[in-house]
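This report refers to the structure that appears directly beneath it.
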Amino acid sequence: MKHTDHNFGKVGVLFGGRSAEREISLMSGQGVLQALQSKGIDAHAFDPAQRDLAQLAAEKFDRVFIALHGRHGEDGSLQGALEQLRLPYTGPGVLASSVAMDKAMTKRIWLAEGLSTPRFYLLNAQSNWQAVADSLGLPLIVKPVHEGSTLGLTKVTSVDQLPAAFALAAKFDKAVIAEEFIAGMELTCAILGSGDQAKALPVIRIIAPDANYDYQNKYFSDETQYLCPCGLQPEQEKEIQALALASYRALGCRGWSRVDVMVRATDNRAFLLEINTSPGMTSHSLVPMAAKVAGFSYEDLCVEILRSATLDWAV
């Protein structure tokens with residue numbers, strides 16, 4: 001069912017939350033809230049860290065825009081609660097959100113679908129560090145399985161760094177992954193829509209200081225460069241968009257998401273890194289940047305995402 005900008009009813013913009021990405025979510029949510037209000041939509045802030053979700057039903061909200069990041073926001077648990085409340089919400093549903101939040105499970109599905117992703121190894125405190133390095137090669141990446149925004153991530157260049165890298169990642173998550181390091185071009189591709197109607201936005205190339213796209217460089221640095229158009233040949237950009245779409249559909253995503261990709265310098269092979277099912281919407285965020293190049297504003301992007309709000313079991 002199509003809606004105009006003014007008949008979405010009462011809209012809750014969910015942001016803040018309890019995850020390690022709360023700070024970024026607050027920035028994303030404020031931007032989305034202001035954008036929707038500027039379009040005449042009856043949008044209201046709602047922080048699940050401060051209010052019980054049951055208030056969404058009690059206060060007769062009609063749908064919600066999820067601007068939460070990380071656990072309890074994009075991991076399927078919130079989506080399940082909204083299904084119970086029968087409140088349509090933006091972004092992928094329960095299963096897709098849960099799977100996409102788990103980097104190891106995401107990789108297993110992509111590999112089963114024949115989609116390329118860096119080799120990986122699940123770690124624990126008793127892991128044989130030398131065997132991990134021998135298997136994946138050095139350098140390699142260590143990161144939490146269930147966190148985003150590069151939180152707890154370390155680029156490891158020697159075996160003796162692995163215990164400390166594991167300990168840092170374990171502060172954020174009980175599950176930790178080591179991943180093959182792909183040296184090359186860092187790209188990201190946003191997807192809007194569902195099923196056969198899903199479309200890839202223009203690809204963005206990311207050039208971070210010292211090739212270190214960490215939390216600071218991702219959200220607060222003015223030194224990180226974002227190229228959109230990305231500078232790829234048209235056919236190569238189409239291949240990246242097709243890979244991103246395939247990864248999105250393989251997980252059963254809908255609404256919107258953003259797929260991170262590395263293109264290996266030695267052979268131009270593309271590798272899927274991860275998928276973000278509730279991407280950032282801050283002033284430094286990449287989905288609004290790609291949308292602008294595609295011809296629509298931040299405000300129009302927010303309305304388009306809100307328009308896609310639905311339920312897994314909508315009948």
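The values are calculated or read from the model by the stated rules, or taken from the named source; none is laboratory data. Everything numeric here is computed off the predicted structure, so don't read it as measured data. Cβ sites come from the backbone with ideal geometry, for glycine too, and all protein chains shown count toward neighbours. Surface areas here come from the heavy atoms of the whole protein model, side chains and all, with no ligands, DNA or RNA. Shrake-Rupley method; radii C 1.70, N 1.55, O 1.52, S 1.80 Å.
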- Which residues, taken from region 268-295, are within 20 Å of THR310 (Cβ to Cβ) and either in contact with a strand residue (DSSP E or B) (Cβ under 6 Å, 6 or more places away or on another chain) or outside any loop (DSSP other than H, G, I, E, B) (or both)? ILE275, ASN276, THR277, SER278, PRO279, VAL287
- Task: Determine which member of the set ALA294, ALA270, ALA242, ALA309 is in contact with a helix residue (DSSP H, G or I) (Cβ under 6 Å, 6 or more places away or on another chain) and either of a type in the set (Gly, Ala, Ser) or open to solvent by 30 Å² or more (accessible area, probe 1.4 Å) (or both).
- Result: ALA270
- Message: I'd like to know if region 173-196 contains one or more residues that are part of a helix (DSSP H, G or I), over 17 Å from MET262 (Cβ atoms) and modelled with pLDDT of 95 or more.
- Response: no
- Residue identified as open to solvent by less than 50 Å² (accessible area, probe 1.4 Å), under 30 Å from PHE271 (Cβ atoms) and touching a residue at least 40 places away in the same chain (Cβ under 8 Å) among LEU82, LEU95, LEU68, LEU36: LEU68
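Matching residues to (1) at pLDDT 95 or above; (2) crowded, with 21+ Cβ neighbours inside 10 Å; (3) part of a loop (DSSP other than H, G, I, E, B):
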{"site": "HIS3", "(1), (2), (3)": "no, no, yes"}
{"site": "PHE8", "(1), (2), (3)": "yes, yes, yes"}
{"site": "VAL13", "(1), (2), (3)": "yes, yes, no"}
{"site": "GLY31", "(1), (2), (3)": "yes, yes, no"}
{"site": "ASP52", "(1), (2), (3)": "yes, no, yes"}
{"site": "GLU74", "(1), (2), (3)": "no, yes, yes"}
- Query: When the residues of region 245-267 are filtered to those that are farther than 25 Å from ARG71 by Cβ and either part of a loop (DSSP other than H, G, I, E, B) or hydrophobic (A, V, I, L, M, F, W, C) (or both), which remaining residue is least open to solvent (accessible area, probe 1.4 Å)?
  - Reply: VAL263
- Task: For region 112-147, enumerate the residues that are open to solvent by less than 70 Å² (accessible area, probe 1.4 Å) and either among the acidic types (Asp, Glu) or assigned to a helix (DSSP H, G or I) (or both).
- Result: TRP129, ALA131, VAL132, ALA133, SER135, LEU136, GLU147
- Taking LEU162 as the residue in question, decide whether it is surrounded by fewer than 20 Cβ atoms within 10 Å (Cβ to Cβ), not charged (D, E, K, R) and not in a strand (DSSP E or B). no
- Task: Specify which of the listed residues (ALA20, ALA45) is out of contact with any Cys (no Cβ under 8 Å at 6 or more places or on another chain), under 17 Å from ASN276 (Cα atoms) and either among the β-branched types (Val, Ile, Thr) or open to solvent by 20 Å² or more (accessible area, probe 1.4 Å) (or both).
- Result: ALA20
